[in-house]
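Please read the structure below before turning to the comments.
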Amino acid sequence: MNVGLGVAVIVMFLGHVYKASALLPSPQNVTLQTLNTRYVLVWTWDSALGCPANQTATFTAQYLPKFKLRTKKRDWKSACSETADAYCDFTSCDLYYMGVYMLRVRASCVGKNSKWVQLEFCPDKQAHLGPPSKVEAVPGIELLELRISDPLTSKSASMKEIYPEMYYLIVYWKDTQNAVKDYRGLNTSINIATLADLEPWTVYCFKVQSRFNFYNKISGFSETQCQRTTGRTPLWQIFLWFLASLVLCFLCVLLPSYGLFRFYWLIKATFFPSYQLPENIQEYLYDSSPDSDRPRLLTPESEVEVCCESLDVLPVVVLPEIHAPADPPGGLDPDPSRHSRQGSGDSGVYSNEEGSGQAGGSSTGAEPKKGTGPATERVKMVEIGVVESRTEGLDVAPCGRGPKCWPPTRVWAAEDVLEECV
């Protein structure tokens, strides 16, 4: 009996010692979430175990290259230190993609630490491959052209720099209401792929997946997209588009131009009319009498009359030369019929000369006949057109060198003065 009691006391003591030593448990379900070169270590923790209610547990995560485990100096590097989050991001640690690392994590609370939980990690084998970062579709005639962008690393570099043999699987189908889809696949290692032999004016859907066969890495599919193909345009549609363009041109160009033209003519007809006023109104408005009390409109002609005086320019009259024959010897005319052959315009002049000559020959002191002398000669010259009554002085052309010719004569009709030489 005493022996059994002693065994029970020992068991109770050992249980109390174990509970005190294992008071802070380690993190559970430690795993890695990876995508290309992004690595996140996650775990679970029951806050009700080993940590007082008013305290919060913290965690520390570290990493070390695996080959250093065989050395005496193990310099673990911390990626997260005393963090309250149940995860730790190792992306910023710049882990070598082809290397092998040891990751570990432990919990701490009220100065107590749990045991380390270790995990081996090789990015080349274990990191997941991501889908293309972007996929664009360009429709064509009975085809679709897909432009695929490579998956990106944490430094925005292409994953093809790490996996040159990576390729893409394109799955596409015609978008219909049927439950059964006609799926088609196409593998391509280039970033531009063409889906040919498609139906014109039909909607097709597609999605793309990244693949690497060495480690059998297969990414998830990209987001499903749909695009409508094109086809050859029928002639009736081309004709309709042509008519629509003509109507649009008429509405946008010709109609505003016609409106501006009509507006221009309306303004011109309003402020600058082309029709004239009736004659009775014009006579009333153009009355230029000085004593009139009517309103007066000045025309261009009236303005000239007001500002300037009218000037008439007469042509210069060239007077004919008059030649008198020499007196015959003895004061007798040897040819009595000569005067009868003279023109009517010259008969008066020659008769006067002859009369004066005879008078002078017969008697030097006798009085001249009636109707002779300078006044009579002037009247005769006016009658034959030699002298004209004018308001301006004119020079008569000089005659020849006969003994009885007149020299140049200047006539002033206004003063009625005639200068001549005898």
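Matching residues to (1) open to solvent by 50 Å² or more (accessible area, probe 1.4 Å); (2) not hydroxyl-bearing (Ser, Thr, Tyr):
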| position | (1), (2) |
| --- | --- |
| Ile170 | no, yes |
| Val180 | yes, yes |
| Thr194 | yes, no |
| Leu198 | no, yes |
| Tyr204 | no, no |
| Phe214 | yes, yes |
| Phe221 | yes, yes |
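Being in contact with a Cys (Cβ under 8 Å, 6 or more places away or on another chain) and hydrophobic (A, V, I, L, M, F, W, C) is the requirement here; does Cys249 meet it?
Criteria not met by Cys249.
Please enumerate the residues belonging to region 86-107 that are of a type outside the set (S, T, N, Q) and outside any strand (DSSP E or B).
Residues satisfying the conditions are Ala86, Phe90, Cys93, Asp94, Leu95, Tyr96, Tyr97, Met98, Gly99, Val100.
What's the total number of residues in region 23-53 that are part of a strand (DSSP E or B) and open to solvent by 80 Å² or more (accessible area, probe 1.4 Å)?
Of the residues in region 23-53, 4 are part of a strand (DSSP E or B) and open to solvent by 80 Å² or more (accessible area, probe 1.4 Å).
Can you work out which of the residues in region 136-156 that are open to solvent by less than 30 Å² (accessible area, probe 1.4 Å) and either of a type in the set (Ser, Thr, Tyr) or modelled with pLDDT under 95 (or both) is nearest to Val40 (Cα to Cα)?
The qualifying residue nearest to Val40 (Cα to Cα) is Thr153.
For region 56-71, state whether one or more residues are touching a Ser or Thr at 6+ places or on another chain (Cβ under 8 Å), open to solvent by less than 70 Å² (accessible area, probe 1.4 Å), at pLDDT 95 or above and closer than 30 Å to Pro131 by Cβ.
Checked region 56-71: at least one residue is touching a Ser or Thr at 6+ places or on another chain (Cβ under 8 Å), open to solvent by less than 70 Å² (accessible area, probe 1.4 Å), at pLDDT 95 or above and closer than 30 Å to Pro131 by Cβ.
Among the numbered criteria (1) open to solvent by less than 70 Å² (accessible area, probe 1.4 Å); (2) free of Cβ contacts under 8 Å to residues at least 60 places away in the same chain, which single criterion is violated by Val208?
(2)
What is the residue count in region 183-232 for residues that are over 15 Å from Tyr168 (Cα atoms) and either part of a strand (DSSP E or B) or aromatic (Phe, Trp, Tyr) (or both)?
So the answer is 11.
Conditions (1) under 60 Å from the mean Cα position of the chain (by Cα); (2) acidic (Asp, Glu), marked per residue:
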{"position": "Ala53", "(1), (2)": "no, no"}
{"position": "Tyr63", "(1), (2)": "no, no"}
{"position": "Thr71", "(1), (2)": "no, no"}
{"position": "Asp85", "(1), (2)": "yes, yes"}
{"position": "Leu95", "(1), (2)": "yes, no"}
{"position": "Val100", "(1), (2)": "no, no"}
{"position": "Val105", "(1), (2)": "no, no"}
{"position": "Val117", "(1), (2)": "no, no"}
{"position": "Ala127", "(1), (2)": "yes, no"}
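For region 157-168, enumerate the residues that are hydrophobic (A, V, I, L, M, F, W, C) and open to solvent by less than 30 Å² (accessible area, probe 1.4 Å).
Selection gives Ala157, Met159, Met166.
Check whether at least one residue in region 108-128 is touching a helix residue (DSSP H, G or I) at 6+ places or on another chain (Cβ under 8 Å), open to solvent by 50 Å² or more (accessible area, probe 1.4 Å), in a loop (DSSP other than H, G, I, E, B) and over 26 Å from Ser47 (Cβ atoms), and report yes or no.
Within region 108-128, none of the residues are touching a helix residue (DSSP H, G or I) at 6+ places or on another chain (Cβ under 8 Å), open to solvent by 50 Å² or more (accessible area, probe 1.4 Å), in a loop (DSSP other than H, G, I, E, B) and over 26 Å from Ser47 (Cβ atoms).
List every residue pair whose Cβ atoms lie under 6 Å apart, where the two residues are 6 or more positions apart in sequence or sit on different chains, the first residue falls within region 172-201 and is under 17 Å from Glu136 (Cβ atoms) and touching a residue at least 24 places away in the same chain (Cβ under 8 Å), and the second residue, located anywhere, is open to solvent by 90 Å² or more (accessible area, probe 1.4 Å) and among the hydroxyl-bearing types (Ser, Thr, Tyr).
Taking only residues 6 or more apart or on different chains, not a single pair turns up.
Kindly indicate whether Val100 is of a type outside the set (D, E, K, R), at pLDDT 95 or above and more than 30 Å from Phe214 (Cα to Cα).
no
Here are the criteria: (1) among the polar types (S, T, N, Q); (2) within 60 Å of the chain's Cα centre (by Cα); (3) within 23 Å of Lys112 (Cα to Cα). Tell me which single one Asn29 does not satisfy.
Single failed check for Asn29: (2).
The values are calculated or read from the model by the stated rules, or taken from the named source; none is laboratory data. Computed from a prediction, not measured in an experiment: that's the story for all the values here. Heads up, the Cβs are rebuilt from the backbone with ideal geometry, glycines too, and the neighbour counts pull from every protein chain shown. Ligands, DNA and RNA are stripped out before the accessible areas are found, and what is left, the full protein with its side chains, is counted by its heavy atoms. Shrake-Rupley method; radii C 1.70, N 1.55, O 1.52, S 1.80 Å.
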